[in-house]
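Beneath this line is the structure, given in structure tokens, with notes to follow.
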Amino acid sequence: MTVQPSQITERERQPDAGLQTSGEPVVRIVDIHKDYYLGSVVVPALRGVSLEVYPGEFIAIMGASGSGKSTLLNLLGCLDRPTRGQYYLGGRNVANLSDDELSEIRSRYIGFIFQSYNLIPQLTAFENIEVPLYYQGNVSPESKQRVVELARLVGLERWLNHKPTQLSGGQQQRVAIARALINDPYIILADEPTGNLDTSTSYEIMKLLVQLNDMGKTIIMVTHEPDIAAYAKRAVHMRDGKIIKDEPITQRRVTSDGPVPAGAQLTASAGQDAGE
Amino acid sequence: MSAGPSLGLVVQMGLKSLWMHKVRSLLAGLGIVIGTAAVISLLTIGAGSRKEALEAIKALGATNLIVASVKPPQDSSDATRRARILKYGLTWEDYERFAAIPTVWRALPIRAFPAEIWYLENKFDGRVVATTPRYAEMNRLHLLSGRFLTDRDEDTFDNVAVLGFDVARELFRYEDPIGKSIKMGNHYYRVVGVMDYRIPSAGIGGSLAREDYNKDVYIPLSTCRARFGAWIIDRRSGQFTAEELELSQVTLSVRDVDDVRPTAAILKTLLEKYHDQPDYQITVPLDLLEDAERTALLWAVFLGVVAGISLLVGGIGIANIMLATVMERTREIGIRRAIGAKQRHIAQQFLVEAVILTAIGGVVGLVLGVVTPELIAFVADALFDYQVRTQILWWSLPMAPAIAVVVGVLSGLYPARRAALMDPIEALRHE
């Protein structure tokens, strides 16, 4: 059931991508430090974190609040730069890029899923899924088709013309997941994706994430709930800005659904693996 | 690397954001609407009144000089001797002296006084203007029918009269006035002509007060001297005033505009020499024209400043609202940054919203600015019988909304910059 990493990583990227991921870890951080400055006081948030993430992995980063897991996620998401250390995303060091370059990286290679969904209120579900393409100047009839396909994948094709306020929490999170997928990113970063949802909706969302992972998506998820972490394949525990434990999850929770629905294509616009 | 969103897309997104906060957008845009409308309205009305003033002064003639009699201020000794008849003003001797000035080409004496004008039982309270045949020409008056006064009338002391438009209309509602007799004072005059309607404007007296030529009756000066003498006795409306006044006005023409000022200086010297009280006034239309042009310029600057201030206030309103919007939409900014928007995309978004707001406000203000002066003119005419002249300055029509858009860009810059420079992580955490 697990897709081989090479199947995803060897997809042809846009010519200007400049990132190669074949066989290599998609994410590699080396001795990352992050300090915050409160006035003259230095507050270390990360104190030498190293981590490798291979394509197709599903990692749960766990830890109490203040353990540095959110800081790590922000760094992984290129929303912030480390104080020290290297970060290779798809083989390219992105630790010291400019703000514009980081935006470009986020736009093309990273998908975000947030606890509070973070949809743009004045846009419809369709437009919310499409927004990342705006900033690439990449809106086309094909991309519109892709929005519809992703909406179908997350089970929202009937809700595309609704505004976020007209959708339930679970539905909003599905829109956010579709939005995270629109650019076919290297990694999907999920920050407490079920934090605002009730148990049964949480289960639905986790089922969807597991399904995406089964289709080859690399997912890094921050959570403090062991129940939710149990859907992942690997758990990284943090405390006081350091990784204290990094282990595979042996008793993985399984979702009741069988294999991936036939015909679901995550990478319809990239279009390479359809032929393989 | 990438082109970013197309302008059409940004505008579309901006419209959606503005539409989401309809009331706020409306209120923010209102400042620009009012500002733009104020610019155009003020310019339109300003240009209208300027044009009117200049026309009035030009009607006096730039090569003319007007010397008018004015009633001198009464001193206390006069008040004790009420029976005395007030004697003042220009005399025939003055007239002769004026006519002898070498630069003076033509001199036109006038006696004007209020009088009751009768035709059968119809009465009209008008004004008798005793003058010479050149009066019509020098004041640019046109005949409707008949003829104006002639030199022959002057020579023969004829009792003939030419009626102003209103006089003719009021006294002779359904009749042709020509050949009919009207009565003024104790004498009858034969109507020989009727003047065409003349828009009231500055004239006799030299001030810029509206002079209504339409209520005048013109008779030969020689006839007037013979029939009325120098006395003016006004018994209208139960009043009784008696004055002795030989000439109410002398209009002098010079050939060249350059002669106007030297001639004025000579006039002043002459009058100071022969009049021991200030019972005259010299009006130089050329000076008035230049004064009026200066005043009009000042007025235009003043109106421009007022309108500019209202646009500025509108701009501050936009900046304020945009700033509030940026704060309120901090989270949205964080989201957009997270999913790949660059700083300039965020700045662009808010700038475009500000520009859309001001552009729409500018266009609405343009329409309002064109309509408002007409409305003001209509209401002023209907309610107060006051004529407001309007003249649309065509260059102001594209200019005002263009300024509005510039205001939009300027007032949107700071909020847009604030939005762009937000830390994405902080912005995402914002509640």
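The values are calculated or read from the model by the stated rules, or taken from the named source; none is laboratory data. All values reported here derive from a predicted model rather than from experimental measurement. Cβ placement follows ideal geometry from the backbone for every residue including glycine, while neighbour counts extend to all protein chains displayed. Note: areas computed on protein heavy atoms with side chains; ligands, DNA, RNA excluded. Shrake-Rupley method; radii C 1.70, N 1.55, O 1.52, S 1.80 Å.
Worth a mention:
- Taking the criterion of being more than 14 Å from chain B (Cβ to nearest Cβ), in contact with a strand residue (DSSP E or B) (Cβ under 8 Å, 6 or more places away or on another chain) and more than 17 Å from A:Glu24 (Cβ to Cβ), the residues of the range A:81-111 that qualify are A:Thr83, A:Arg84, A:Gly85.
- Among residues of the range B:14-48 being part of a helix (DSSP H, G or I) and over 24 Å from B:Ile403 (Cα atoms), the one that is least open to solvent (accessible area, probe 1.4 Å) is B:Lys16.
- Subset of the range B:377-428 (residues that are surrounded by fewer than 13 Cβ atoms within 10 Å (Cβ to Cβ) and either touching a residue at least 60 places away in the same chain (Cβ under 8 Å) or not assigned by TED's automatic domain parsing to the domain that holds B:Ile32 (or both)): B:Leu421, B:Glu426
Here's the yes/no breakdown for (1) assigned by TED's automatic domain parsing to the domain that holds B:Leu108; (2) at pLDDT 85 or above; (3) closer than 30 Å to A:Pro132 by Cβ; (4) of a type outside the set (S, T, N, Q):
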residue	(1), (2), (3), (4)
B:Arg24	no, no, yes, yes
B:Gly29	no, yes, no, yes
B:Val33	no, yes, no, yes
B:Ala38	no, yes, no, yes
B:Gly46	no, no, no, yes
B:Glu52	no, no, no, yes
B:Pro72	yes, no, no, yes
B:Asp75	yes, no, no, yes
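- Within the range B:93-151, considering residues that are modelled with pLDDT of 85 or more and on the phi > 0 side of the Ramachandran plot, the one most open to solvent (accessible area, probe 1.4 Å): B:Leu120
- Filtered by the rule that a residue be in contact with a Pro (Cβ under 7 Å, 6 or more places away or on another chain) and either assigned to a loop (DSSP other than H, G, I, E, B) or within 15 Å of B:Ile339 (Cβ to Cβ) (or both), the range A:176-208 gives A:Arg179, A:Ile182, A:Asn183.
- Options B:Ile318, B:Ile339: the member that is modelled with pLDDT of 90 or more, open to solvent by less than 30 Å² (accessible area, probe 1.4 Å) and in the same structural domain as B:Leu30 (by TED's automatic domain parsing): B:Ile339
- Taking the range B:138-155 as the range and being polar (S, T, N, Q) and free of Cβ contacts under 8 Å to residues at least 24 places away in the same chain as the test, only B:Thr150 passes.
- Of all residues making up the range A:1-59, the number that are in a strand (DSSP E or B) and either modelled with pLDDT under 50 or under 27 Å from A:Gln136 (Cα atoms) (or both): 4
For every residue, the table says whether it meets (1) among the polar types (S, T, N, Q); (2) open to solvent by less than 70 Å² (accessible area, probe 1.4 Å); (3) part of a loop (DSSP other than H, G, I, E, B).
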residue	(1), (2), (3)
B:Ala242	no, yes, no
B:Val250	no, yes, no
B:Ala265	no, yes, no
B:Thr269	yes, no, no
B:Ile282	no, yes, no
B:Leu297	no, no, no
B:Phe302	no, no, no
B:Val305	no, no, no
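- Among the residues of the range A:122-134, some residue qualifies, meaning at least one is touching a helix residue (DSSP H, G or I) at 6+ places or on another chain (Cβ under 6 Å) and more than 13 Å from chain B (Cβ to nearest Cβ).
- Residue count for the range B:324-348 under the criterion of being among the hydrophobic types (A, V, I, L, M, F, W, C), within 7 Å of chain A (Cβ to nearest Cβ) and in a helix (DSSP H, G or I): the result is 2.
- Filter result (within 11 Å of chain B (Cβ to nearest Cβ) and among the aromatic types (Phe, Trp, Tyr)) within the range A:135-159: A:Tyr135
- Pair list, Cβ < 7 Å and 6+ apart or interchain, from the range B:267-278 residues that are among the aliphatic types (A, V, I, L, M) to residues that are open to solvent by 40 Å² or more (accessible area, probe 1.4 Å): B:Leu267/B:Ile282; B:Leu270/B:Arg97; B:Leu271/B:Tyr280
- Each residue in the range B:152-190 was checked for being in contact with a Phe, Trp or Tyr (Cβ under 7 Å, 6 or more places away or on another chain) and either surrounded by 19 or more Cβ atoms within 10 Å (Cβ to Cβ) or not in a strand (DSSP E or B) (or both), and 13 of them qualify.
- Residue match in the range A:71-78 (condition: part of a loop (DSSP other than H, G, I, E, B), modelled with pLDDT of 90 or more and within 14 Å of chain B (Cβ to nearest Cβ)): yes
- Looking only at the range A:39-61, and only at residues there that are open to solvent by 20 Å² or more (accessible area, probe 1.4 Å) and of a type in the set (A, V, I, L, M, F, W, C), the one that is nearest to the other protein chains (Cβ to nearest Cβ): A:Val43
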